[in-house]
1. Among the helices (runs of 4 or more DSSP H) lying completely within the range 151-225, list those that include at least 2 residues that are under 17 Å from the mean Cα position of the chain (by Cα) and either surrounded by fewer than 17 Cβ atoms within 10 Å (Cβ to Cβ) or not basic (Lys, Arg) (or both).
2. Name every residue in the range 239-261 that is under 17 Å from residue 180 (Cβ atoms) and either out of contact with any Asp or Glu (no Cβ under 7 Å at 6 or more places or on another chain) or modelled with pLDDT under 90 (or both), in order of residue number.
3. So which residues in the range 13-55 are open to solvent by less than 80 Å² (accessible area, probe 1.4 Å), of a type outside the set (D, E, K, R) and either at positive phi or assigned to a helix (DSSP H, G or I) (or both)?
4. What is the number of the single condition among (1) surrounded by 11 or more Cβ atoms within 10 Å (Cβ to Cβ); (2) not in a helix (DSSP H, G or I) that residue 148 does not meet?
Amino acid sequence: MRIDILTIFPGMFEGPLTESLIKKAREKKILDIRLHDIRSFTTDKHRSVDDRSFGGGSGMVMSPEPIFRAIKSLKIGSKASRKKSGSLLIYLSPQGEPLNQKLVNELSGKKRLVLLCGHYEGIDERAISLADKEISIGDYVLTGGELPAMVLIDAVARHLPGVVKEKNSVERDSFYNGLLDYPHYTRPKEFQKMKVPETLLSGNHKEIEKWRKKQSLEKTFLKRPDLLKKIKLNKEEIEILNKIKKSAPSIGARPRPKGGEQ
């Protein structure tokens, strides 16, 4: 997959895109990420990318001209041609469609993504009209679209073949199947008097799978019950969930670990 990033702060991406799985994906040529400084497409000596807002008001607005030039330089074509070629021009905006796992799965199937990062009070509406999609990472306002772009890249990259060594690991992530992930444990078997559940030490894979499913449903019910309204559970999962609901008072009364552990 190729990802082009249009930004006035390319330096912000140096750390996140040169570490961990993203770094390895780029080295393996699975992910081709290219940074484009919008200031390079200005024509004045000050390399100005913003101006005052018509109608007054506080803050500055990013001008359309350098953005249009920057997008044109990428030769991604019209909206119609992008749809055919599997490309997508995305504007990171608090007004956009919420980024969730379903959308991440959709984006990971594209051949090319172009991410437009706004700043200041936003960008000129005429530049926004070029975008195929507006995406938001949450109902809050950041200083610019750079951090949302990083979040989007990280989420999408995990689903590209070869990025995560074990495909199973991705498929068991929280939200992949609509539920929260089950608890994970590693050595030692006992730490500060807290023990690893016996089921995980049994070697009985059928029972382990059953335990994990129950834990996943229980976590979702307790922490994000809203998610249960959005997914279709099978008969076995419904039965497990009903048992969880019946024991809900005792579940909620479980003591938290002492000493600051979570």
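The values are calculated or read from the model by the stated rules, or taken from the named source; none is laboratory data. Keep in mind it's a predicted model, so treat the numbers as computed, not measured. Glycine also receives a Cβ, built like all others from the backbone with ideal geometry; neighbour counts cover every protein chain displayed. Accessible surface is based on the protein model in full, side chains and every heavy atom, while ligands, DNA and RNA are left aside. Shrake-Rupley method; radii C 1.70, N 1.55, O 1.52, S 1.80 Å.
1. 167-171
2. First, pick out the residues of the range 239-261 that are under 17 Å from residue 180 (Cβ atoms): 240-241, 244-245, 248, 251-252, 254.
Across the range 239-261, the qualifying residues are 240, 241, 245, 248, 251, 252, 254.
3. Correct list: 13, 16, 17, 18, 21, 22, 25, 38, 40, 41.
4. Here residue 148 meets the rest and fails (2).
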